[in-house]
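Presented below is the structure to which this report refers.
The values are calculated or read from the model by the stated rules, or taken from the named source; none is laboratory data. This structure is a prediction, so every number in the text was calculated from the model and none was measured. Reconstructed Cβ throughout: ideal geometry from the backbone, glycine too, with neighbour counts over all protein chains shown.
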There are 2 protein chains.
Amino acid sequence: MIGRKLTERLVSDRALAGQPIASLHLQDVVAFDPPAAEFTVTTETSDVADPGVADALGAREADVIFHLAGVVSGEAEADFAKGYRANLDGTRALFDAIRRHEATKPRLVYASSIAVYGAPFPTVIDDDFQPVPLTSYGSQKLIGELLLTDYTRRGFFDGVGLRLPTICVRPGKPNRAASGFFSSIIREPLAGKEAVLPVSRDVVHTHASPRSAVGFLLHAAALPSDAIGARRNLTLPGVAVSVDEQIEALRRAAGNAAVALIREEPDPAVAAIVDFWPQRFEAKRARALGFVAETSFDDIIRAHVEDELDG
Amino acid sequence: MIGRKLTERLVSDRALAGQPIASLHLQDVVAFDPPAAEFTVTTETSDVADPGVADALGAREADVIFHLAGVVSGEAEADFAKGYRANLDGTRALFDAIRRHEATKPRLVYASSIAVYGAPFPTVIDDDFQPVPLTSYGSQKLIGELLLTDYTRRGFFDGVGLRLPTICVRPGKPNRAASGFFSSIIREPLAGKEAVLPVSRDVVHTHASPRSAVGFLLHAAALPSDAIGARRNLTLPGVAVSVDEQIEALRRAAGNAAVALIREEPDPAVAAIVDFWPQRFEAKRARALGFVAETSFDDIIRAHVEDELDG
């Protein structure tokens, strides 16, 4: 989803990190239609963890690489081997392939996640708080961060890892991420459909819109390497709100009728997972580096209405 | 070195975690003589990263596994591929082999290192301070910790990772660890030989004797899993002293003549590495779990004299 939206932005911007885009190569495990663009776009359906695939990607010697691929949290938890293969082996294969093509030293933007953090948490997580993941997905993402830092330090590429907050409002169908309800309680009522809220309205979490997520990726691609320093992975800003505040923002945007479509149906299994999620982040370093997110959940709903519902 | 000393203790104790030892299997990449023992001892010279080796080890279905193997910091920095192969691929192959033999759920004691920490540091590092390694060795050790935590959480084995402080006084010849001088400035003068001090006497670092290191491993093997909790990797206690305090302890143990054998020869390359090393650790969790180290550097010298120099 983020990859598709990033591609749309690249196609419309025709530039990245202040340089015109000459060509764009897109790779995914599932088939997709290439976008129409004013520069060359090539596509590839393949699995980066399969032999030879990463090496062929590394041989392309791109200037900027966005590594967004991966198996999401719910699936990585349900299928241990699949998660490690995609999120660890795939990432390492790609990093090693770039290492072997030492002619170029590309900027590599890696999508990590706030899933690297595990309870117990302070109320606000600062940039020095240690990540101790409590899921296989979070462990895999954090291992990718460590590889990125070491490979960058060794000069194989110029990496930046982004711990993305929960992306909300996620368009389309729910995926297997346990955080799906944060989006569906907004997206479905705005489309006149019922949505289930499986947790208490008190739950606080940090969100950024898909539009902000794309903004983060583009900003990371353009950051001077020296400004980032030795710690290459950044916890990004977002909007920290309770579910109740989300619902009140929905009420302001779409009225009581929309809110009435949310059915509270507590699911102890989901609640147990969400209890171990972080709530608020300081994100001081990322803010100082110029990463910008929405400042209210109303803005997040507005971004969804503008980008997905034609305003 | 630690493996050899641990073996000696197991042979003399004839018990581990309160149970008599029925048999002991020893594996290393270099050939070694099996110790004489009152229980069965088998040995194996092999590389755990080679195909099939880890699987055969996993099939042994041990009750307790000590994973001490690895390429040391200096070598992992000098040979990128060798370090990742031994410290990441080897560790993961072993963990995966144990996972495949689900009949047993062994206690796995993993030797990690304070090299997981990277500057900037607070004066005293507490248990919540985030590890950000600044070497390939530290990155590999931390990735092993993350795998250990996740594999333990998934129920594949019952892991404990130990962030060992610098082991001092290390007997025998120097290895390729950059921390070697901490030992040689004590060991060599005690043997009537010259030693070079490549850093300032103000440098503060945390040490534990080889005897304490073996004690840590045995204690970890016996810890109840519930007492450890979700965070499976422990920063261990040690003696935090300046090089000057080390030297004064040497003077108390062996007089001015021994101290006169230390030649100060500042090496900017070593100093640059040591500047990025942590100084002091709180080690609250490990102390609460009963891990015990020396309380003074005099004790550390005494342990060396007793264990290596026949008192």
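Name the residue that is surrounded by the most Cβ atoms within 10 Å (Cβ to Cβ), counting only residues in segment B:169-221 that are touching a His at 6+ places or on another chain (Cβ under 8 Å) and at pLDDT below 95.
B:SER179
Identify the single condition in (1) touching a Phe, Trp or Tyr at 6+ places or on another chain (Cβ under 7 Å); (2) in a loop (DSSP other than H, G, I, E, B); (3) within 11 Å of another protein chain (Cβ to nearest Cβ) that B:LYS105 does not satisfy, given that it satisfies every other one.
(3)
Taking only segment B:263-300 into account, find how many residues are small (Gly, Ala, Ser), in contact with a helix residue (DSSP H, G or I) (Cβ under 7 Å, 6 or more places away or on another chain) and closer than 14 Å to B:LEU164 by Cα.
1
Would you confirm whether or not segment B:153-165 contains a residue that is of a type in the set (Gly, Ala, Ser) and either surrounded by 23 or more Cβ atoms within 10 Å (Cβ to Cβ) or within 16 Å of the chain's Cα centre (by Cα) (or both)?
yes
Can you spot a residue in segment A:161-168 that is under 17 Å from B:PRO131 (Cβ atoms), more than 10 Å from chain B (Cβ to nearest Cβ) and part of a strand (DSSP E or B)?
Within segment A:161-168 (the criterion being under 17 Å from B:PRO131 (Cβ atoms), more than 10 Å from chain B (Cβ to nearest Cβ) and part of a strand (DSSP E or B)), the answer is yes, since at least one residue qualifies.
Does B:ALA115 fit the bill of being in contact (Cβ under 8 Å) with a residue 12 or more places away in the chain, farther than 23 Å from B:VAL30 by Cα, within 19 Å of the chain's Cα centre (by Cα) and more than 11 Å from chain A (Cβ to nearest Cβ)?
Against the criterion (in contact (Cβ under 8 Å) with a residue 12 or more places away in the chain, farther than 23 Å from B:VAL30 by Cα, within 19 Å of the chain's Cα centre (by Cα) and more than 11 Å from chain A (Cβ to nearest Cβ)), B:ALA115 qualifies.
Based on what the data block shows, is A:ALA49 at pLDDT 95 or above, out of contact with any strand residue (DSSP E or B) (no Cβ under 6 Å at 6 or more places or on another chain), over 21 Å from A:ARG170 (Cα atoms) and among the hydrophobic types (A, V, I, L, M, F, W, C)?
The answer is yes for A:ALA49.
If B:GLU245 meets every condition in (1) touching a residue at least 12 places away in the same chain (Cβ under 8 Å); (2) more than 20 Å from B:ILE186 (Cβ to Cβ) apart from one, which number is that one?
(2)
Scan segment A:222-274 for residues that are more than 14 Å from chain B (Cβ to nearest Cβ) and under 29 Å from A:LYS284 (Cβ atoms) and report the count.
Number of matching residues: 20.
Within segment B:118-151, take every residue that is aromatic (Phe, Trp, Tyr) and facing chain A (nearest Cβ under 10 Å) and give me the one that is surrounded by the fewest Cβ atoms within 10 Å (Cβ to Cβ).
Taking the candidates together, the pick is B:PHE129.
Please determine whether any residue of segment B:61-83 is over 21 Å from the mean Cα position of the chain (by Cα), within 14 Å of chain A (Cβ to nearest Cβ) and among the aliphatic types (A, V, I, L, M).
Yes, segment B:61-83 contains a residue that is over 21 Å from the mean Cα position of the chain (by Cα), within 14 Å of chain A (Cβ to nearest Cβ) and among the aliphatic types (A, V, I, L, M).
Per-residue answers, yes or no, for (1) crowded, with 16+ Cβ neighbours inside 10 Å; (2) in a helix (DSSP H, G or I):
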site	(1), (2)
A:LEU234	yes, no
A:PRO237	yes, no
A:ALA240	yes, no
A:ALA249	yes, yes
A:ALA254	yes, yes
A:ALA258	yes, yes
A:ALA272	no, yes
A:TRP277	yes, no
